Amino acid sequence: MNKKAKRVGQSIIGLVGLLLLAGATFAGLSPQLGGTPTKAEKARYARSGHYLEGEFYYPWKTTELMTGGSMAQVMWEFLFNQTPGRKPPGPLPMQLLDSLSIVAKTPELLRVTWFGHSASLLEIGGQNILFDPMLGQDMGPISWATPKRYNPRVPIFTGQLPPITAVLISHDHYDHLDYETIRQLRSKTRLFIVPLGIGAHLRAWGVDTARIRELDWNDSVQVAGLTIVSTPARHFSGRGLTNRNSTSWSSWVVKSATRRAFYSGDGGYGPHFAAIGRQYGPFDVGLLECGQYDPHWADIHMLPEQSVQAARDVRAAVMLPVHWGAFTEANHPWNEPPRRATAEAARLGQPITTPELGQPVTFDGRPLPQERWWE
């Protein structure tokens with residue numbers, strides 16, 4: 001990048017920054033921003049072992065952005081050196097669903113239905129568990145400044161979902177914790193199980209405190225014959241300019257009497273995956289983040305090859321890549337995540353499945369969806 005181009009880029013970045021600041025000021029008046037933990041809650045967080053001076057952290061050194069680069073360089077590349085194919089040419093293949101088509105039949109059934117990005121329904125032990133249900137079209141209160149969903153709708157509307165035993169949230173970023181979806185889920189969800197601090201958002205949105213469980217890493221809760229465990233992740237949090245890392249983030253373990261599933265949430269690769277595999281594995285399926293990555297922020301979003309290694313670390317019998325197929329949030333082709341992940345899985349001998357949006361995947365020994373529809 002020559003000096004003149006760099007100056008122009010910095011000016012444009014400054015203008016974009018001003019626009020975002022104005023938008024953030026507006027967003028600060030929106031209920032989507034969420035709530036604020038109380039002083040008593042913050043005092044409890046200090047005992048967690050990964051909370052210091054008002055912020056949560058991952059114990060291993062983590063750079064949230066610009067690993068090996070500057071903010072100006074990253075913004076320039078994102079705005080002006082865009083990779084071809086960042087968005088698909090049209091809507092993605094999708095199977096439409098309703099509550100009758102995804103009702104758990106027996107306690108032995110283990111089935112996952114991926115709705116796009118990270119939103120997924122896990123049927124296990126006869127119960128319905130919903131991961132990071134971002135089922136809206138708009139991401140956050142400033143719709144013009146955020147990525148647009150590839151498809152004009154999701155495979156199932158929130159109101160069509162069956163009764164949910166537990167909603168599990170990995171962290172409070174807008175692409176994982178959606179205000180409108182949560183409000184629609186209040187009447188059909190038994191428990192909302194979340195990392196430390198996120199309960200304040202849910203309370204602000206009208207969720208009854210009695211139905212919120214905030215867990216620290218390695219805390220667990222029993223519900224309807226299931227054990228649900230909050231496990232570490234290497235990420236960050238925040239929904240505004242002034243609350244970065246004020247809430248925690250988690251990966252999740254869900255166990256019935258006979259089956260086990262793991263969901264990574266968002267995050268960079270780290271030694272926590274092997275520790276989770278040793279303590280809680282093996283798993284019948286691992287839903288692993290695999291998309292919206294960049295070498296500049298690899299500490300907080302795994303590259304596809306790292307996602308496959310993480311699946312092996314946690315001892316997942318099958319890997320199901322998530323965090324792609326809905327929004328463009330990084331400068332890579334929209335279908336690069338499954339291409340790179342399937343290639344690495346084949347190289348390492350890691351079983352992997354790549355269902356279409358809304359395609360239920362049953363883990364009962366029969367062949368799993370392997371179609372390369374994303375090509």
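Here are the numbers for the structure shown:
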quantity: Any chance ALA233 is on the phi < 0 side of the Ramachandran plot and surrounded by 24 or more Cβ atoms within 10 Å (Cβ to Cβ); calculated: yes
quantity: Filtered residues of segment 112-124 (kept if of a type in the set (S, T, N, Q) and either open to solvent by 10 Å² or more (accessible area, probe 1.4 Å) or in a strand (DSSP E or B) (or both)); calculated: THR113, SER120
quantity: Residue pairs meeting the criteria (Cβ under 6 Å; at least 6 apart or on separate chains; first touching a residue at least 12 places away in the same chain (Cβ under 8 Å), in segment 40-54; second assigned to a strand (DSSP E or B)); calculated: TYR45/TYR51; HIS50/PHE56
quantity: Failed criterion for HIS173 (all others in (1) open to solvent by 10 Å² or more (accessible area, probe 1.4 Å); (2) farther than 28 Å from GLN222 by Cα hold); calculated: (2)
quantity: Boolean, ILE129 is assigned to a loop (DSSP other than H, G, I, E, B) and among the β-branched types (Val, Ile, Thr); calculated: no
quantity: Residues within segment 238-253 that are buried (at least 24 other Cβ atoms within 10 Å of the Cβ) and not in a loop (DSSP other than H, G, I, E, B), tallied; calculated: 2
quantity: Close pairs from segment 312-335: first over 28 Å from PRO147 (Cβ atoms), partner open to solvent by 10 Å² or more (accessible area, probe 1.4 Å) and part of a strand (DSSP E or B), Cβ under 9 Å, at least 6 apart; calculated: VAL318/ILE352
quantity: Residue pairs meeting the criteria (Cβ under 8 Å; at least 6 apart or on separate chains; first more than 16 Å from GLU375 (Cβ to Cβ), in segment 342-357; second open to solvent by less than 60 Å² (accessible area, probe 1.4 Å) and assigned to a loop (DSSP other than H, G, I, E, B)); calculated: GLU344/GLN350; PRO351/ALA317; PRO351/VAL318; PRO351/LEU368
quantity: Output for segment 272-310, where each listed residue is in a loop (DSSP other than H, G, I, E, B) and either hydrophobic (A, V, I, L, M, F, W, C) or farther than 14 Å from ALA233 by Cα (or both); calculated: GLY281, PRO282, ASP284, CYS290, GLY291, GLN292, TYR293, ASP294, ALA298, ILE300, MET302, LEU303
quantity: Any hit, segment 47-67, residues being among the acidic types (Asp, Glu) and modelled with pLDDT under 90; calculated: yes
quantity: Single residue of GLN95, GLN127, GLN137 found to be touching a residue at least 12 places away in the same chain (Cβ under 8 Å), open to solvent by 10 Å² or more (accessible area, probe 1.4 Å), closer than 29 Å to GLU375 by Cβ and touching a strand residue (DSSP E or B) at 6+ places or on another chain (Cβ under 8 Å); calculated: GLN95
quantity: Meets criteria (among the acidic types (Asp, Glu) and open to solvent by 10 Å² or more (accessible area, probe 1.4 Å)) for ASP266; calculated: no
quantity: Candidates GLY281, GLY240, GLY286 - the one that is of a type in the set (Gly, Ala, Ser) and in contact (Cβ under 8 Å) with a residue 40 or more places away in the chain; calculated: GLY240
quantity: Any hit, segment 203-216, residues being touching a strand residue (DSSP E or B) at 6+ places or on another chain (Cβ under 7 Å), among the hydrophobic types (A, V, I, L, M, F, W, C), open to solvent by less than 30 Å² (accessible area, probe 1.4 Å) and closer than 20 Å to PHE273 by Cβ; calculated: yes
quantity: Residues of segment 151-198 satisfying the condition of being under 29 Å from ALA330 (Cα atoms), free of Cβ contacts under 8 Å to residues at least 24 places away in the same chain and assigned to a helix (DSSP H, G or I); calculated: ARG183
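Here is a yes/no grid of residues against (1) farther than 20 Å from HIS117 by Cβ; (2) at pLDDT below 95; (3) polar (S, T, N, Q); (4) open to solvent by less than 10 Å² (accessible area, probe 1.4 Å):
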site: PHE262; (1), (2), (3), (4): no, no, no, yes
site: LEU288; (1), (2), (3), (4): no, no, no, yes
site: HIS296; (1), (2), (3), (4): yes, yes, no, no
site: GLN306; (1), (2), (3), (4): no, no, yes, no
site: ALA311; (1), (2), (3), (4): no, no, no, yes
site: ARG339; (1), (2), (3), (4): no, no, no, no
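The values are calculated or read from the model by the stated rules, or taken from the named source; none is laboratory data. If you're wondering where the values come from, they're calculated on a predicted model, not measured in any experiment. Don't worry about glycine lacking a Cβ; one is built from the backbone with ideal geometry, like all the others, and counts go over all protein chains shown. Just the protein is used for accessible areas: all its heavy atoms, side chains included, with ligands, DNA and RNA removed. Shrake-Rupley method; radii C 1.70, N 1.55, O 1.52, S 1.80 Å.
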